[in-house]
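Just so it is clear, none of the values below were taken in a lab; they were calculated from the coordinates. The structure presented is a predicted model; accordingly, all values stated were derived computationally and were not measured. Using ideal geometry, Cβ is built from the backbone for each residue, glycine included, and neighbour counts are taken over all protein chains shown.
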Amino acid sequence: MDVDVNTDYFDGYGAFDVHEMMLKDKIRTNSYRSAIAGNPSIFSGAVVLDVGCGTGILSLFAASSGAKKVYGVDNSGMSEYARKVVEKNNLADVIQVIHGIMEETEIPEQVDVIISEWMGFCLLYESMLPSVIDARDRFLKPGGTMFPNYATLFIAGLCDRKSAKRAFGLWDDICGFNLSAMKQLAMSEPRTAAARSDHIVTDNAELIAFDLNTTTADQLSLDVPFKLTPKSDQLNAFVIWFDVRFDGPDSRVVLSTSPFQPETHWAQAIFYLPEPIGLEPDVPIAGRFVMHPNATNYRSQDLRIVVSHQGEVKTYDYKMK
Ligand SMILES: C[S@@+](CC[C@H](N)C(=O)[O-])C[C@H]1O[C@@H](n2cnc3c(N)ncnc32)[C@H](O)[C@@H]1O
């Protein structure tokens, strides 16, 4: 593993506030709780691995849903607190917290289920999924289950000129000077913000769907086509979001970060364009979405949206740092 990149990454997860923010996201936390509690056929008597256990919350859900043994692995300073949490809840005989990098950690037995909350902004930011896939390939029994077991990424067109002006308008006049040259840089990072569903001006398209029981790490570099049908005459941004699904034998839970669903801490990723694109209602626009880990910092992502419309091809590059 890249030591410098990971020092910052795990230091970040050693702070309490990021865990507070995740735990307070009721949609996120309750989706995991319902999915785990609602699938006794998976968890009752099972051996479970919790990749990136943080405070230990998912391990607690698994143990209270009848898991025989839970291994919670985390490389941040949070593992020390997870251990205390487990003891305080009288579950130390079931949950074993292991401090370490998942890829460098040995689990003493094969497991029936892997639970993990690995999703970053735009699904793949932070590049935690490869660690979960590596754990799956080393420790999941044949026929075992990843939970969540499916993830899907979506795109739609957005027209929200007020938000764009709020986000980038300041560069036009700073103390009477024109700093608009900065706009290009400011726009090259997608914004994490809630997109208003009434500002969505196309249908939405599925970019890619992952079956997490079989996805390989090299499938996480994306170059995928999309086609959107406009409902209006202009867009000035694309919006991207994800769903993950817990498709169990006893029940199914969908954790959605769609702009049409209640907001989560992930909100959506909004990719503003330097100039709006004119649309003709019902005439589809075609494009490609490209996303891959940055060559020097694999936890960051380089992104590109290519749009072919009315005989013109436009390319927009972004970075999630
Ligand atoms: C998004 S948080 C989720 C925490 C907890 N599972 C929850 O749901 O509240 C991800 C956690 O995974 C840990 N993590 C990420 N990659 C890891 C790896 N390769 N090895 C060990 N821990 C990792 C981080 O330190 C962080 O605490």
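Please report, for the Cα atoms of the stretch 124-207, the Rg to one decimal and the Dmax as a whole number; what are they, in angstrom?
Values for the stretch 124-207 (Cα only, Rg and Dmax): 20.2, 66 Å.
For the chain, give me the percentage of DSSP beta bridges that are antiparallel, rounded to the nearest 5 percent.
Of those bridges, close to 75 percent are antiparallel.
Rank the residues Phe238, Phe154, Phe10 as a footprinting-exposure proxy: fewest other Cβ atoms within 10 Å of their Cβ go first.
Going from sparsest to densest Cβ surroundings: Phe10, Phe154, Phe238.
Based on the Kirkwood radius over alpha-carbon pairs, what is the Stokes-Einstein translational diffusion coefficient of the stretch 237-321 at 25 °C with 0.890 mPa s viscosity, in µm²/s?
After rounding, the answer is 158 µm²/s.
Under the 0.36 nm per residue contour assumption, what length would be gained going from the current alpha-carbon distance of Glu206 and His265 to full extension?
That works out to 19.1 nm of additional length.
Pop the C-beta distance of Lys26 and Asp198 into the FRET formula with R0 = 25 Å and round what comes out to the nearest 0.05.
About 0.55, to the nearest 0.05.
Using the Karplus curve 6.51 cos²θ - 1.76 cosθ + 1.60 with θ = phi - 60°, work out ³J(HN,Hα) for each residue of the stretch 221-229 in order, rounded to whole Hz, and write x for Gly and Pro.
Ordered by residue, 3J(HN,Hα) equals 9, 9, 8, 10, x, 9, 9, 10, 9 Hz.
Taking a virtual spin label 7 Å from the Cα of Asp247 along the C-beta vector, which residues in the stretch 192-224 bring their backbone nitrogen under 14 Å of it?
209-215
If I take R0 = 22 Å and measure r between the Cβ atoms of Lys84 and Val18 in this structure, what FRET efficiency does the formula 1/(1 + (r/R0)^6) give, to the nearest 0.05?
That gives a FRET efficiency of 0.75.
Could you give the alpha-carbon Rg of the stretch 6-79 over 2.2 N^0.38 Å, rounded to two decimals?
1.15
Hey, fewest Cβ within 10 Å first, where do Glu117, Glu103 land in order?
Listing Glu117, Glu103 from fewest to most nearby Cβ atoms yields Glu103, Glu117.
Need the list of lysines near Lys69 for cross-linking: C-alpha distance under 24 angstrom, and skip anything on the same chain fewer than eight residues off.
Lys84, Lys88, Lys141
Taking a threshold of 29 Å on the Cα-Cα distance, which of the pairs Lys165/Lys227; Lys68/Lys321; Lys165/Lys231; Lys183/Lys314; Lys227/Lys319 fall above it?
Lys68/Lys321
Quick one: compute a quarter of the convex hull surface over the Cα atoms of the stretch 1-129 and quote it in nm².
For the stretch 1-129, averaging the hull's shadow over all directions gives 7.6 nm².
When each pair of different Cα atoms in the stretch 109-250 is counted once in the 1/r mean, what is the Kirkwood radius in angstroms, to one decimal?
17.9
At what distance in angstrom do the alpha carbon centres of the stretch 209-224 and the stretch 44-98 lie from each other?
Computed from Cα coordinates, the inter-centre distance equals 28 Å.
Pick out, in residue order, every one of the trypsin sites (Lys or Arg not before Pro) in the stretch 17-51 that is DSSP loop and has at most 10 other C-beta atoms within 10 Å; say none if there are none.
For trypsin sites (Lys or Arg not before Pro) across the stretch 17-51 that sit outside H, G, I, E and B with at most 10 neighbouring Cβ atoms in 10 Å, the list is empty.
log₁₀ I(q)/I(0) of the chain at q = 0.09, 0.10, 0.14, 0.15 Å⁻¹, via Debye over equal Cα point scatterers, no solvent, to two decimals?
The Cα Debye sum returns log10 ratios of -0.51, -0.62, -1.09, -1.20.
Taking 0.36 nm per residue of separation and subtracting the Cα-Cα distance, what length does fully extending Asn213 through Arg166 add?
Gain in length upon complete extension: 12.7 nm.
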